[in-house]
1. Check whether at least one residue in region 148-171 is modelled with pLDDT of 95 or more and within 16 Å of the ligand (Cβ to nearest atom), and report yes or no.
2. Search region 129-148 for residues that are over 19 Å from residue 59 (Cα atoms) and pair each with any residue that is of a type in the set (D, E, K, R) and exposed (fewer than 15 other Cβ atoms within 10 Å of the Cβ) when their beta-carbon atoms are under 8 Å apart and the residues are at least 6 apart or on different chains.
3. Say we look at region 205-222 and pick out the residues that are within 14 Å of the ligand (Cβ to nearest atom) and aromatic (Phe, Trp, Tyr); which of these is farthest from residue 139 (Cα to Cα)?
4. Go through region 129-155 and report how many residues are in a helix (DSSP H, G or I) and buried (at least 20 other Cβ atoms within 10 Å of the Cβ).
5. If I ask for residues that are within 16 Å of the ligand (Cβ to nearest atom), surrounded by fewer than 19 Cβ atoms within 10 Å (Cβ to Cβ) and within 21 Å of residue 243 (Cβ to Cβ), which ones from region 175-204 would you list?
6. Mind checking whether some residue in region 87-109 is closer than 23 Å to residue 200 by Cα, touching a residue at least 12 places away in the same chain (Cβ under 8 Å) and within 8 Å of the ligand (Cβ to nearest atom)?
7. Could you tell me whether region 119-135 includes any residue that is on the phi > 0 side of the Ramachandran plot and within 16 Å of the ligand (Cβ to nearest atom)?
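The values are calculated or read from the model by the stated rules, or taken from the named source; none is laboratory data. Because the structure is a prediction, the values reported are computed rather than measured. With ideal geometry, Cβ positions are generated from the backbone for all residues, glycine too; neighbour counts draw on all protein chains shown.
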Amino acid sequence: MAGSVLQEKVAIAPDDGASPRHVAIIMDGNGRWAKARGLPRLEGHRRGVESLRRAVRTAIELKIAYLTVYSFSAENWTRPFEEVQSLMGLLHLFIRNDLSELKANNVRIRVIGARDGLPSDIVGLLEEAERVTKNNTGLVLVVAFNYGGRQEIAAAARALAEKVARGELAANQIDAEAFGAALYTSDIPDPDLVIRTSGEKRISNFLLWQAAYAEFVFLDVLWPDFSKLDFIAALDEYAQRDRRYGGVETQHAIKTAS
Ligand code: FPP
């Protein structure tokens, strides 16, 4: 398919502007994948983890600098208790089973989202994953866990307001740059491309601030079926987009962070 040409381009020149520096994925459709096969939802999530593994390998191969995955949203707590427990268990397994391979592949793990409210063993694992990979220099895998965009924005506003109240910051110093610096993603460039699987076309409280100028690609494939070719097809579609950031000239990416 057409993607193979892009793949070659990405492998040779990952910084040529036609390739996204940061890809963010809303991994949707695990439940429907399971339901279509008469399987429990947990099986869909298990296969979702396999698909995540595949996506990380593809991102490494295609030399993508940042990959953010929406693993558990602030709203996912409203799911049945057993499903929440299963998702926590899968995160546990993912970190336990995959951390050494990720480390060996020079992947740096970053976790964004609220830590309070999470079980302490999960917080410990997330911190361990960040700690043991912090000196890696390859793909940055950003795991959005217990993450909500509105909650993140509210927390940033609160932190800035507290600084103003303490006299450390003047209210008129709060601009888009200062605000961005108060988010979880202060040292992560904005996503260039957001992919959502499963055919749904919404943002679902994901990277609301950061995705201001992202390109969106919606795929009809359910997350457990998301393949390397699907990933490449999304990158191919991105490469054909005309990014103007509100101006008239095409620019391929705004370099926002190092
Ligand atoms: C959406 O599918 C997916 C999620 C709520 C979680 C994504 C989780 C994984 C890919 C596996 C877990 C990975 C880690 C690292 C925890 P859905 O259940 O909303 O699907 P549906 O819309 O078809 O019901």
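1. If we filter region 148-171 for residues that are modelled with pLDDT of 95 or more, which is where we start, we get 148-171.
Then keep just the ones that are within 16 Å of the ligand (Cβ to nearest atom); that gives 148-149.
Within region 148-171 (the criterion being modelled with pLDDT of 95 or more and within 16 Å of the ligand (Cβ to nearest atom)), the answer is yes, since at least one residue qualifies.
2. From region 129-148, the pairs are 146/115; 148/75.
3. 218
4. 3
5. 201, 203
6. There is at least one residue in region 87-109 that is closer than 23 Å to residue 200 by Cα, touching a residue at least 12 places away in the same chain (Cβ under 8 Å) and within 8 Å of the ligand (Cβ to nearest atom).
7. Taking region 119-135 as the starting set, the residues that turn out to be on the phi > 0 side of the Ramachandran plot are none.
Scanning region 119-135 turns up no residue that is on the phi > 0 side of the Ramachandran plot and within 16 Å of the ligand (Cβ to nearest atom).
So that you can scan it fast, the table gives a plain yes or no per residue for (1) within 11 Å of the ligand (Cβ to nearest atom); (2) β-branched (Val, Ile, Thr):
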site	(1), (2)
22	no, no
32	yes, no
50	yes, no
59	no, no
63	no, no
66	no, no
69	yes, yes
72	yes, no
81	no, no
